[in-house]
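Shown next, in structure tokens, is the structure this report addresses.
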Amino acid sequence: MTVVIIRLLLDFGLVVLIWIIQRIVYPSFLHYSTENLVVWHREYTSRFSAIVIPLMLAQLGISIYQVITFANLYTVLSLVIIILVWASTFLQFVPIHSNISKGSVSEKMLKTLVRKNWLRTFLWSLLFVINFGYYILNTFNYQN
């Protein structure tokens with residue numbers, strides 16, 4: 001399996017996960033009482049982290065490898081998008097999730113969580129589209 005296919009699979013997995021989070025998980029937080037949300041959130045974050053963290057680390061590692069081995073517009077743009085996703089995650093979402101885990105929850109904060117997550121949803125979707133396009137172009141070019 002080539003590095004490009006592995007990246008495509010990682011990007012696809014993350015884009016599916018972010019859309020599930022954006023359209024189902026985060027909006028569902030509004031339907032919990034604070035007490036129940038805190039209990040569920042602790043379970044949710046540990047379970048989801050076991051899936052998301054390895055995928056994000058692999059995506060970042062492969063992207064860095066691609067930039068080192070073959071720097072071009074695609075590899076550099078991919079790495080920039082991934083860095084933006086990481087920055088957004090750690091600067092915006094880790095603090096929000098930390099507050100939820102501590103029981104500091106408000107409807108406004110939960111709506112902000114959904115609203116701000118559109119950025120990550122867009123970035124991961126864009127990254128997948130770019131990677132898929134790169135894969136198709138390379139496949140087409142190799143066949144001709």
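The values are calculated or read from the model by the stated rules, or taken from the named source; none is laboratory data. All values reported here derive from a predicted model rather than from experimental measurement. For neighbour counting, all protein chains shown are included, and Cβ atoms are generated from backbone atoms with ideal geometry for every residue, glycine included.
Can you report the number of residues in the stretch 109-121 which are surrounded by fewer than 16 Cβ atoms within 10 Å (Cβ to Cβ), basic (Lys, Arg) and within 14 Å of the chain's Cα centre (by Cα)?
Qualifying residue count for the region: 1.
Within the stretch 1-59, work out how many residues are of a type in the set (Asp, Glu) and closer than 27 Å to VAL76 by Cα. Reasoning before the result, please.
The first filter runs over the stretch 1-59 and keeps only residues of a type in the set (Asp, Glu), leaving 11, 35, 43.
From what is left, the residues that are closer than 27 Å to VAL76 by Cα are 11.
Total satisfying the criteria: 1.
I'm checking my understanding of the structure. Among residues of the stretch 122-144 that are touching a residue at least 60 places away in the same chain (Cβ under 8 Å) and surrounded by 16 or more Cβ atoms within 10 Å (Cβ to Cβ), which one is nearest to LEU14 (Cα to Cα)?
Per the stated criteria, the residue is TRP124.
Any idea which of (1) outside any helix (DSSP H, G or I); (2) modelled with pLDDT of 95 or more is the one SER104 doesn't satisfy?
(2)
Being under 21 Å from VAL3 (Cβ atoms) and among the aliphatic types (A, V, I, L, M) narrows it down to one of LEU84, LEU77, LEU113, so name that one.
Residue meeting the stated conditions: LEU77.
For the stretch 53-67, enumerate the residues that are within 16 Å of THR2 (Cβ to Cβ) and either loosely packed, with under 13 Cβ neighbours inside 10 Å or touching a Cys at 6+ places or on another chain (Cβ under 9 Å) (or both).
Looking only at the stretch 53-67, we keep the residues that are within 16 Å of THR2 (Cβ to Cβ), and these are 58-59, 61-63, 65-66.
Within the stretch 53-67, just GLY61 meets the criteria.
Criterion first (part of a helix (DSSP H, G or I) and within 14 Å of the chain's Cα centre (by Cα)) does SER125 satisfy it? Explain how you work it out, then say what you get.
Working: part of a helix (DSSP H, G or I): yes; within 14 Å of the chain's Cα centre (by Cα): yes.
Yes, satisfied.
Return the residues of the stretch 21-52 that are within 16 Å of the chain's Cα centre (by Cα) and surrounded by 12 or more Cβ atoms within 10 Å (Cβ to Cβ); say none if nothing qualifies.
ILE21, GLN22, ARG23, VAL25, TYR26, TYR44, THR45, PHE48, SER49, ILE51, VAL52, listed by residue number.
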